[in-house]
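Student: Quick one: this structure, given as structure tokens, is what I'll be asking you about.
The values are calculated or read from the model by the stated rules, or taken from the named source; none is laboratory data. None of these values were measured; they are calculated from a predicted model. We place every Cβ from the backbone using ideal geometry, glycine too, and count neighbours over all the protein chains shown.
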Amino acid sequence: MNRFVAKVLFTVGACLASGAPLWAQDTGVIKGKIVFKGDPAAYSRVEIDTSKDPNCGKDGKKIGTENVVLNKKTTPVTVRNVLVSIKEGLGDRKYTAPTDKVVLDQKGCHYEPHVLALMEGQPLTIRNSDDTNHNIHFLPKVNEEVNVTQPQKGMEKDVKLVKEDVFKVKCDVHPWMGCHIAVFTHPFFFVTKEEGTFELKNVPPGKYKVEAWHETFGTLSMDVEVATGATVEKDLTFEPK
């Protein structure tokens, strides 16, 4: 066996052992949208009173509640800030966290993004972009608690989350501020934005349970089977009573 063949066999074996997709064309895509069925007027956003801290309204921008944000310009109406992920079916596959930094920013006295998702061990930076004091308080279920103050604009702190978890973040200075962080062992997750759509790429062929989580509406799930090179399109609908 020559060195080239041996190297190829070693590389393929390593990929199989790690659970990483061998080639892009051998994997599939799960995509769709998160639909809202009901009266959108019942979930209108409410402007938040930030007058207790005059620094929060310096730019003249108003902020609204984010526990339910509907995309009313889409047909049908869709839901923003829904966390979609593969819940079951990956088996014992192992995935390496990307080195791309994820940022949780405090801007205009609210968190950006409102729902942040990353992999275990992926770099996370907390940033204060406001000219006021913030206290960032993580309330994890299994990761270590984080409770730090950033009194000056431009301050940053690096945090590492090493266990799968979904938890709330609050600001002890501004009680209206809140967001959620989700930590995964795999890269198959997506947070819906303006159009309410999601897309999970490079999914290995197989049968999966996909879950959609929303802080107010709860969770939905669906069974999906992905074939080699195929794109599966399925929607999930929240119908609050």
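Student: Return the pair list, or none, for Cβ contacts closer than 6 Å from residues in region 53-64 that are in contact (Cβ under 8 Å) with a residue 40 or more places away in the chain to residues that are loosely packed, with under 13 Cβ neighbours inside 10 Å, at least 6 apart or on different chains.
Tutor: Asn55/Asp131
Student: When you check Pro204 against the structure, is it closer than 28 Å to Asp26 by Cβ and touching a helix residue (DSSP H, G or I) at 6+ places or on another chain (Cβ under 9 Å), yes or no? Give the derivation first.
Tutor: Details: closer than 28 Å to Asp26 by Cβ: yes; touching a helix residue (DSSP H, G or I) at 6+ places or on another chain (Cβ under 9 Å): yes.
Criteria met by Pro204.
Student: Every residue in region 197-219 that is within 18 Å of Phe167 (Cα to Cα) and of a type outside the set (Asp, Glu), please.
Tutor: Ala212, Trp213, His214, Thr216, Phe217, Gly218, Thr219
Student: Does Trp176 satisfy the criteria of being touching a residue at least 12 places away in the same chain (Cβ under 8 Å), touching a Leu at 6+ places or on another chain (Cβ under 6 Å) and under 27 Å from Ala42 (Cα atoms)?
Tutor: Spelling it out, it is not the case that Trp176 is touching a residue at least 12 places away in the same chain (Cβ under 8 Å), touching a Leu at 6+ places or on another chain (Cβ under 6 Å) and under 27 Å from Ala42 (Cα atoms).
Student: Let me ask something else. Scan region 33-75 residue by residue and report those that are at pLDDT 95 or above and at positive phi.
Tutor: Once the filter is applied, which keeps residues that are at pLDDT 95 or above and at positive phi, region 33-75 yields only Gly38.
Student: Working carefully through the options Cys109, Cys179, find the one that is within 23 Å of Gly60 (Cα to Cα) and under 14 Å from the mean Cα position of the chain (by Cα).
Tutor: Just a single option satisfies the conditions, and that option is Cys179.
Student: Right, next: Does Val102 meet the test of being without any contact (Cβ under 8 Å) to a residue 24 or more places away in the chain, closer than 30 Å to His186 by Cα and surrounded by 16 or more Cβ atoms within 10 Å (Cβ to Cβ)?
Tutor: Considered against the rule, which asks whether it is without any contact (Cβ under 8 Å) to a residue 24 or more places away in the chain, closer than 30 Å to His186 by Cα and surrounded by 16 or more Cβ atoms within 10 Å (Cβ to Cβ), Val102 comes out as yes.
Student: Val29 versus (1) of a type outside the set (Lys, Arg); (2) under 28 Å from Phe198 (Cβ atoms); (3) modelled with pLDDT of 95 or more; (4) in a loop (DSSP other than H, G, I, E, B): which is the lone unmet condition?
Tutor: The one condition Val29 does not meet is (4).
Student: Go through region 66-99 and give me each residue that's buried (at least 18 other Cβ atoms within 10 Å of the Cβ), assigned to a loop (DSSP other than H, G, I, E, B) and among the hydroxyl-bearing types (Ser, Thr, Tyr).
Tutor: Hits for region 66-99: nothing passes.
Student: Please state which one of Phe167, Phe138 is over 13 Å from the mean Cα position of the chain (by Cα) and at pLDDT 95 or above.
Tutor: Phe138
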